[in-house]
Protein chains: 2
Amino acid sequence: MLISLKINLQKRCLLQPQKPLLVGVSGGPDSLCLLDALWRMGFSLVVAHLDHQLRFASELEAETVRRAANERGLDFILGRQDVNAQAEELGLSIEEAAREARYRFLFAQAVHSGAQAVAVGHTADDQVETVLMHLLRGAGLSGLKGMAYRLSPNAWSLEIPLVRPLLGVWRQEVLEYIQEYNLTPVLDESNLDTRFYRNRLRRELIPYLEEYNPRLRQSIWRMADVLSGDHETLDMLIDSTWPICVRQEGAAFVEFEAAILRSQPTGMQRRLLRRGIDHLRPGLRDVDYESLARALKFLEAPSRSGQIDLIAGLRLSLDAGGLWLATWEGGLPPGDWPQIAEGEEQRLPLPGVALISGGWQIRSEILENLPADPARVWANADPYQAYLDLDQLQTTLHVRSRRPGDRFQPMGMGGHSIKISDFMINARLTRRARQDWPLVLSGDEIVWLPGFRLAHPYRIQETTRRWVRLELVNINP
Amino acid sequence: MLISLKINLQKRCLLQPQKPLLVGVSGGPDSLCLLDALWRMGFSLVVAHLDHQLRFASELEAETVRRAANERGLDFILGRQDVNAQAEELGLSIEEAAREARYRFLFAQAVHSGAQAVAVGHTADDQVETVLMHLLRGAGLSGLKGMAYRLSPNAWSLEIPLVRPLLGVWRQEVLEYIQEYNLTPVLDESNLDTRFYRNRLRRELIPYLEEYNPRLRQSIWRMADVLSGDHETLDMLIDSTWPICVRQEGAAFVEFEAAILRSQPTGMQRRLLRRGIDHLRPGLRDVDYESLARALKFLEAPSRSGQIDLIAGLRLSLDAGGLWLATWEGGLPPGDWPQIAEGEEQRLPLPGVALISGGWQIRSEILENLPADPARVWANADPYQAYLDLDQLQTTLHVRSRRPGDRFQPMGMGGHSIKISDFMINARLTRRARQDWPLVLSGDEIVWLPGFRLAHPYRIQETTRRWVRLELVNINP
């Protein structure tokens, strides 16, 4: 056992014997064996134990670990936490609360003692049980690959890795070791109560499955090992694909390039979305099949509303070729376009200026002569400028955002009138900008959709005598 | 059910309703349901049934399928095969032999009738059972992903796909369909005998596991669906990585670029080797964890012999930066270098020519004057040419391959004598070429290692009066 342990310590846990290493020791056989073996190999150890104050025997456990540390001349750190109270406070199960408290304690102590890593005593049997638990709830690769020999970053530290040197050692080998070196572990009573589900797995399910395959545990362990390699490969692939598929990301959103995401195989689409979800909801553990299936379906064929509620307060929307994954609370970035709030109305005298959001302005000027490039003027070729017949207009124009039922007659459509909202959609005006996009009106008539199209009745004609030029500009671009 | 079936037929099976489709129908509920549903959707069907002649009831089954086809006005093809006899002959289990015979029959008939695909009736329950069977034996992703809606190429055809339209339909839905449309399937008696293992899974294991997770079957099905996406992604990644990692491949070998293979993550190394094995042993189903682990270990730290036996008559060897995966029977490609068989000896007169393998020759000529570029001559700078002092040589030289104990004094090592085999290794002469590499001797003394180094005692000196030039050339490069 010691040989294979030594190999895993170097090659898979990447530990250096000279640097301090913090070992979490419950006092049970696994962690006591780990402590002793690391000590025999000459590791510079700090022993830590958290008294969960859950059981009558917890003081005895702490005492056992203290003695084990003292006998070997090792530093011992004891923590105490009323896990029962904390579980109640946080609404967690006792087991979850104990686990959280334990790891937080271990990593805090590791920082404190400058340890290279936190080592815990999970064995190959724990690995098999973990994989089977994930399997029973239908987890994907990230569950089936089981626990890692070395996990960094992890939920408790970005820098200090969590290592599991015994992950390739069977419980039977641990017990033999305990006997050979005459160690006296405490019996972890929690095996008999709180961790019921896992214990049922260990005592009933695995022996039952071994009737189908006597080497089931070895098979499952190896499967997990192979799958963890596959998982690592896919992770690296996502690393390299991410920047290709993502236009921009912020604390509250990720914008994917929808066309590129669509060109990826389904498995990659799922993983890229999954990673987006991880960015916005780092703690979220269970992203269910259905949610991702709905996301993939939406990507392929967006709903009419252009937006769906996804999972955990995240929404998905399609806009101008971008697939936005965003938190409901965070909102999307404002975008660099002219916007005027609903209900607001700006006067635009002739001549004059109306001030819009963020440095955007709409200016009007009256021209005495036909401008220099008449062809462009007649065609209204530049969408950020429009030439209008002054005599068709009221003396003051208005700028406001759209209202339900707004219509106009776009130039080039023979005077045909259409809904402004339909025109905006056809013009691919980005969804988020539509509602508050400024419109220029004369009385109740829309005369110009800035940045897009003039209204037909206000165009320059042969009979036009006085010209107005309207212009949409940004004074601090 | 029909709606989800329709979607899967188009999107996952990629079937076209106009083109003929061959359906394999056993007469049991699943395949009868498939037949009826495809017929109602207007598919152009050919119905095929293989009578395995295994059971008393087999004629009745064939008759049931014939009637189902006739009632719907569909072509019916009946095959007969004594599977018992074949199983005995091929040393297969009855079930394996029946499966092989059935698929071979179906694909032969599909070719015959110009069918776009062969459709079979596997259901979502079959999928779950398949995944659990793979799981119990510890299969990797390729097993855990389960069966595919569309499989092409497959073991029976490179062109005609095998499709499983019912893979997303539960057995319960099939039974409801059977009842709704008043179909009369035969009871597949084999459920009660030959397919014992699968049946035990269905009747005992799955209900037992459902005590842990009542939605187990759905969970496993979805897991397989997600994993099949991951598998596809990895397959595409291997497709693109393969040409980067592979120097050359033939029917009996694959040569990987060892350094590039080493730079890949473990999961990729495993998959690249696995694909190499698939190339050389296409039928091989079970490549065990241990074999791949040994291969990875060898790649990282080659054994002293430079070669290991791998699996299924394949060997792995490292040579000149190449990792060779090759069949024992096939041998490696000869390589493009001069070789002279062990025991053979060629005379090389002065002047004269010795003929070596494959267009290679060693020529000698006597020079009356010091050649044009004396610096290069003195240094013996071109390893394919050597200038020697004629007066140090016998009148006829010899060419032969190395023998145990051969030594020589390489130029530039101050007359120090070393074993020719050590020199070859240091010179990175490829392992496969070393044994039969030609040496030039005068009497018992090695005077030149062609392509590499002259022997010190035969070099040109101030006192040299007559010069010999030796040259290694390939007359048909």
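Worth a mention:
- Restricting the trypsin sites (Lys or Arg not before Pro) of segment A:244-344 to loop positions (DSSP other than H, G, I, E, B) with no more than 14 neighbouring Cβ atoms within 10 Å leaves A:R285, A:R304.
- For A:D286, the point set 7 Å out from Cα toward Cβ sits 3.5 nm from its twins in the other copies, listed from shortest up.
- At R0 = 51 Å, FRET efficiency that the Cβ-Cβ distance of B:E96 and A:H112 yields, to 0.05: 0.25
- Hydrodynamic radius of the protein assembly as shown by the Kirkwood approach over all distinct alpha-carbon pairs: 35.7 Å.
- Placing dummy labels 7 Å off each Cα toward the beta-carbon, the span from A:R376 to B:A57 is 8.5 nm.
- On the beta carbon distance between B:R428 and B:E345, with R0 = 22 Å, the FRET formula returns roughly 0.25.
- Convex hull volume of the C-alpha atoms in segment B:1-137, normalised per residue: 122 Å³.
- Low-density loop positions, trypsin sites (Lys or Arg not before Pro), segment B:445-476 - DSSP coil, at most 10 other Cβ in 10 Å: B:R465
- The residues of segment A:293-343 expose on average 47 square angstrom of accessible surface per residue, using a 1.4 Å probe on protein heavy atoms.
- Longest segment of chain B lacking chymotrypsin sites (Phe, Trp or Tyr not before Pro) that sit in a DSSP loop with at most 13 other Cβ atoms within 10 Å: B:182-327
- Per-atom-type breakdown for segment A:284-429 gives carbon and sulfur 50% of the accessible area (1.4 Å probe, protein chains only).
- In order along segment A:351-364, the Karplus-derived 3J(HN,Hα) couplings, from 6.51 cos²θ - 1.76 cosθ + 1.60 at θ = phi - 60°, round to x, x, 9, 10, 8, 10, 4, x, x, 7, 9, 10, 10, 10 Hz, and Gly and Pro are given as x.
- Remark: relative contact order (segment B:135-181) = 23 percent; criterion is Cα-Cα distance under 8 angstrom and separation of 6 or more residues.
- Inter-label distance, nm, simple model (7 Å from Cα along the C-beta direction), A:E210/B:I418: 5.7
- Put simply, chains B and A cover up around 3800 Å² of each other's accessible surface, both sides summed, when a 1.4 Å probe is used.
- Per residue of B:261-268, other chain Cβ atoms within 10 Å of the residue Cβ number 4 on average.
- With label points set 7 Å from Cα along Cα→Cβ, the inter-copy distances at B:Q248 are 5.4 nm, sorted shortest first.
- Projecting the Cα positions of B:H456, B:T266, B:A37 onto the charge dipole of chain B (unit charges on Cβ atoms of Lys, Arg, Asp and Glu, taken about the Cα centre) puts B:H456 furthest along the positive direction.
- Estimated 222 nm signal from helices in chain B, with DSSP H stretches of n ≥ 4 weighted -39500 (n - 2.57), rounded to 500: -11000 deg cm²/dmol
- For the protein assembly as shown, DSSP calls about 80 percent of its internal beta bridges antiparallel.
- Of interest is the spacing of the C-alpha centroids, which for segment B:418-472 and segment B:79-134 amounts to 63 Å.
- Going from the isolated chain to the complete set of protein chains, segment A:126-158 loses at least 10 Å² of heavy-atom accessible area (1.4 Å probe) at A:L135, A:L136, A:R137, A:G138, A:A139, A:G140, A:L141, A:L144.
- Label-point separation in nm, A:L2 to A:R247, each point 7 Å along Cα→Cβ: 6.2
- At 7 Å out from Cα toward Cβ: A:E345 inter-copy label distances (nm, ascending): 11.5
- Residue-normalised accessible area of segment A:1-114, expressed per residue, 1.4 Å probe, Å²: 50
- Between A:L216, A:A252, A:S240, the Cα set farthest toward the positive side of the dipole of segment A:167-259 (charges on each charged residue's Cβ, about the Cα centre) is that of A:L216.
- Cα-based reach from A:K19 at 18 Å (exclusive), listing aspartates and glutamates while leaving out same-chain residues under 8 positions away: A:D36, A:D75, A:E159
- Taking amide hydrogens as placed 1.01 Å from N in the peptide plane, the amide H of B:L393 sits under 5 Å from that of no residue at least 5 positions away in sequence or on another chain.
- With at most 14 other Cβ atoms within 10 Å, longest stretch of chain A clear of loop GluC sites (Glu not before Pro) (DSSP): A:1-158
The values are calculated or read from the model by the stated rules, or taken from the named source; none is laboratory data. Owing to the predicted nature of the structure, the values given are computational and were not obtained by experimental measurement. Cβ coordinates were reconstructed from backbone atoms using ideal geometry, including for glycine residues, and neighbour counts include every protein chain displayed. Heavy atoms of the whole protein, side chains included, go into the accessibility calculation; ligands, DNA and RNA do not. Shrake-Rupley method; radii C 1.70, N 1.55, O 1.52, S 1.80 Å.
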